[in-house]
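The values are calculated or read from the model by the stated rules, or taken from the named source; none is laboratory data. Because the structure is a prediction, the values reported are computed rather than measured. A quick note on method: Cβ atoms are made from the backbone with ideal geometry, for glycine too, and the neighbour counts reach across all protein chains shown. The protein model used for the area step is the full one, side chains on, heavy atoms only, and it has no ligands, DNA or RNA in it. Shrake-Rupley method; radii C 1.70, N 1.55, O 1.52, S 1.80 Å.
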Amino acid sequence: MVTLALSTIGGVGMWSVVVALPTVQAEFGVARGAASLPYTLTMVCFGVSSILMGKLSDRFGIIVPVIVGTIALALGYIAAGFAGSLALYALAQGVLIGTGSSATFAPLLAHTSLWFDRRRGIAVAVFASGNYLAGTLWPPIVQHFIATAGWRATYFGIGVFCAATMLPLALFLRRPPPTATHDAKHAAATPHAMHALGLSNRALQTLLVIAGLSCCVAMSMPQVHLVAYCSDLGYGPARGAQMLSVMLAFGIVSRLTFGFICDRIGGLRTLLLGSSLQGFALLLFLPFNGLVSLYVISALFGLFQGGIVPTYAIIVREFFPTSEAGTRVGVVITATLFGMALGGWMSGVIFDLTGSYRAAFLNGIGWNLLNVSIAFFLLRRSTAQPALA
């Protein structure tokens with residue numbers, strides 16, 4: 001529950017920038033593509049820092065990256081609130097807030113997986129729901145305070161709240177996980193798993209990185225631009241924030257459901273299922289743009305895609321040594337965040353070039369097909385040589 005709470009609070013760094021996008025764009029007088037850059041920088045720094053925080057966790061324990069991240073998060077919101085230009089806002093949002101938020105996802109995701117052998121999928125899913133719980137709770141809260149107090153005062157308030165709540169919670173993480181037991185059990189399982197796939201550690205890691213990147217380029221289109229999309233359609237940013245909240249609320253259901261599924265069919269099959277359903281939901285955005293339709297599609301998109309990212313942590317735990325969990329999960333999560341960063345920026349640029357989001361949705365669908373292909377390839381390899389296992 002402590003890790004879930006930290007993920008929910010620290011996850012604000014990923015969602016406040018999305019809700020503030022139209023307001024920041026108007027204040028600094030820039031194009032949509034330029035206004036998307038703070039989000040892109042946030043995801044890039046979130047991703048790079050996930051690897052560094054994972055290494056810190058592997059070496060010193062989880063409490064160190066969490067405390068470092070909390071301090072960075074609080075300072076980032078205060079600095080962003082004082083920013084006098086888009087460049088300064090992007091630096092504070094990206095470097096400090098992105099780095100701070102990273103401590104509350106990938107390192108804690110790997111840390112949670114170390115505590116469980118049985119029902120690892122649902123355990124990881126419960127923790128990972130914090131990220132989407134943040135996306136459910138924070139957008140309407142942030143939108144309300146931006147509308148009533150302005151985005152700068154809202155950022156100041158978030159920074160103070162993060163410091164006041166997350167630092168005390170971090171103290172509950174002092175007890176280390178039972179890594180010795182996990183190492184002994186996993187050491188016996190790893191050769192079998194790798195032999196069944198017929199891939200080296202480096203090759204498998206590379207494929208997971210590409211898969212994570214591609215699925216999240218597709219995922220980012222609705223998540224990053226839904227508020228702006230609704231504004232362009234005349235429904236207003238408040239409606240967009242509500243739809244984003246609905247999407248991420250159903251993402252929580254998705255993560256819990258896919259956690260149960262993952263415990264029964266394994267990580268690779270779950271990845272293929274989730275990615276295929278995400279592609280279907282993206283297709284629905286093309287013919288339907290009515291208000292009710294967008295609420296329904298947002299809910300479906302959240303229900304279909306929410307369980308994808310935690311599945312990568314399960315796959316890492318199935319095929320790599322426990323002692324490398326923090327770093328390897330961090331690498332894959334970094335790829336997913338780079339995908340979110342790239343997709344968020346690409347969608348803004350495509351909008352500027354075409355004047356609509358239709359081509360951006362098509363771009364996302366193409367990247368989603370790449371992810372489905374990799375998941376299918378790995379699944380085929382895992383079942384192609386049963387006699388050799």
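For the stretch 94-151 and the stretch 217-263, what is the separation of their C-alpha centers, rounded to whole Å?
Rounded to whole Å, the Cα centres lie 15 Å apart.
Ordered by residue, what ³J(HN,Hα) values in Hz, to whole numbers, does the stretch 245-251 give under the Karplus form 6.51 cos²θ - 1.76 cosθ + 1.60, where θ = phi - 60° and Gly and Pro are x?
So the J values, rounded to whole Hz, are 5, 4, 4, 7, 5, 5, x.
The chain: longest stretch without exposed trypsin sites (Lys or Arg not before Pro) (DSSP loop, at most 11 other Cβ within 10 Å), sites themselves excluded?
Counting only loop sites that pass the neighbour cut-off, the longest clear stretch is 175-389.
Would you please give the FRET efficiency between residue 148 and residue 257, computed as 1/(1 + (r/R0)^6) with r the Cβ-Cβ distance and R0 = 41 Å, to the nearest 0.05?
E between residue 148 and residue 257, to the nearest 0.05, is 0.70.
For the stretch 247-389, what number results from the quotient of the Cα radius of gyration and 2.2 N^0.38 Å?
Output field value: 1.15.
Around residue 114, which amide H atoms from residues at least 5 apart in sequence, or from another chain, sit under 5 Å from its own amide H, with H modelled in the peptide plane?
none
For the chain, what is the mean residue ellipticity at 222 nm derived from helices alone (per DSSP H run of n ≥ 4: -39500 (n - 2.57); sum divided by total residues; nearest 500 deg cm²/dmol)?
Computed mean residue ellipticity for the chain: -28500 deg cm²/dmol.
On the first, second and third principal axes, largest extent first, how far apart are the outermost C-alpha atoms of the chain in Å?
Projected onto its principal axes, the Cα set of the chain covers 61, 47, 29 Å.
Rounding to the nearest 20 debye, state how big the charge dipole of the chain is about its Cα centre with +1 on each Lys and Arg Cβ and -1 on each Asp and Glu Cβ.
680 debye
Multiply the residue separation of residue 373 and residue 88 by 0.36 nm, subtract the distance between their alpha-carbon atoms, and state the gained length in nm to one decimal.
Taking residue 373 through residue 88 to full extension adds about 98.6 nm, to one decimal.
Give the accessible area for residue 58 in Å² (nearest 10); use a 1.4 Å probe, count only protein heavy atoms, and leave out ligands, DNA and RNA.
Counting only protein heavy atoms, the figure is 70 Å².
Which ³J(HN,Hα) values, rounded to whole Hz and listed in residue order, are derived for the stretch 362-371 from phi using the Karplus coefficients 6.51, -1.76 and 1.60 in 6.51 cos²θ - 1.76 cosθ + 1.60 with θ = phi - 60°, glycine and proline given as x?
5, 4, x, 5, x, 5, 5, 4, 5, 5
In Å, what Kirkwood hydrodynamic radius results for the stretch 1-75 from the alpha-carbon pair distances?
13.9 Å
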